[in-house]
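The values are calculated or read from the model by the stated rules, or taken from the named source; none is laboratory data. Everything numeric here is computed off the predicted structure, so don't read it as measured data. Every residue, glycine among them, receives a Cβ derived from its backbone with ideal geometry; neighbour counts consider all protein chains shown.
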Amino acid sequence: MKTQIRLIGALSVALGLLAGCGERPPIDVQQIGYRGTGMEQNVNPRLREQLKAVNQVGGIQPAADASGPLAKDIYQNVQVLSDLSVGEFTRVMLSMTEWVAPEDQKNCTYCHNGENYADESKYQYKVARSMLQMTRDINTNWKSHVKETGVTCHTCHRGGPVPQNVWYADPGSGRENAFVGTRAGQN
C-alpha cells in the first residue's frame with residue numbers, strides 16, 4: 001500500500017514538473033551548423049507564424065539620395081551621423097522614430113526638444129546618440145559576425161522604446177550577501 005502511494009506521489013510530482021515545460025511535442029530540430037557540432041535550433045511549429053509576425057521589420061524607408069550637402073553642414077550638433085547626406089540623415093531619423101518611439105509618440109519630439117532640435121537635455125536624445133555609436137561600431141568592427149546585413153535599431157527594439165529581451169544577466173550590486181564588498185560584484 002505504501003509503495004503504491006509513493007508511486008502515485010512520484011507520478012504526480014513528475015506530471016506537475018512536466019506540465020510547467022510549456023513546449024509540447026512535436027518540436028522540430030533544425031541543424032544550423034556543421035554536422036556533429038551540436039549547432040541546432042529547436043523550433044516549435046505551433047509558434048512559428050507568431051514568431052514570424054513579431055520579427056518583421058516595419059517602417060523601412062526607401063533609400064535616399066546620397067549626394068547633396070552633409071547633415072553636419074545643415075543641422076546643428078550632428079556628431080555621429082555627420083558623414084551622411086541630408087537625405088540619408090532624414091531617412092535614418094524617420095527609421096529610428098518608427099523602430100524605437102512608443103506608439104503614442106511616433107514623432108521627433110520623443111527624443112528631441114521641439115523648440116531646439118540641437119538641445120541635448122532629453123534623456124532619450126543622449127541614449128539615442130550612444131546607441132547610434134554602438135550600432136556603427138558593431139557594423140564596422142564586427143563584420144565577421146553581422147556580415148553585410150548589419151544591425152539597426154529594429155534588431156533589438158522591435159518597435160518599442162525598450163527592448164523586450166536582453167541578452168545578459170544582471171550581476172546585481174555585489175552586496176546582497178556580503179558585509180563588505182563593492183558594487184562591481186566583487187567581495
*For Val162, state whether it is farther than 29 Å from Ile74 by Cα, surrounded by 11 or more Cβ atoms within 10 Å (Cβ to Cβ), modelled with pLDDT of 85 or more and β-branched (Val, Ile, Thr).*
no
*Cβ-Cβ below 7 Å, separation at least six or inter-chain, first residue in the range 131-143 and more than 13 Å from Met96 (Cβ to Cβ), second part of a helix (DSSP H, G or I): which pairs?*
Ile138/Val146; Asn139/Val146
*What do you reckon, is Ala128 under 20 Å from Pro161 (Cα atoms) and either touching a Lys or Arg at 6+ places or on another chain (Cβ under 9 Å) or in contact (Cβ under 8 Å) with a residue 24 or more places away in the chain (or both)?*
yes
*Only one of these is surrounded by 14 or more Cβ atoms within 10 Å (Cβ to Cβ) and outside any helix (DSSP H, G or I): Asn42, Asn113. Name it.*
Asn113
*What residue, among those in the range 24-39 that are touching a helix residue (DSSP H, G or I) at 6+ places or on another chain (Cβ under 9 Å) and assigned to a loop (DSSP other than H, G, I, E, B), is modelled with the lowest pLDDT?*
Arg24
*In the range 58-75, what count of residues is obtained for those that are of a type in the set (D, E, K, R) and in contact with a strand residue (DSSP E or B) (Cβ under 7 Å, 6 or more places away or on another chain)?*
1
_From the list Gln79, Gln61, exactly one residue is in contact with a Lys or Arg (Cβ under 6 Å, 6 or more places away or on another chain), assigned to a loop (DSSP other than H, G, I, E, B), in contact (Cβ under 8 Å) with a residue 24 or more places away in the chain and not basic (Lys, Arg). Which is it?_
Gln61
*Gln105 is checked against (1) over 19 Å from Thr155 (Cβ atoms); (2) over 20 Å from the mean Cα position of the chain (by Cα); (3) free of Cβ contacts under 8 Å to residues at least 24 places away in the same chain and fails just one. What number does that condition carry?*
(2)
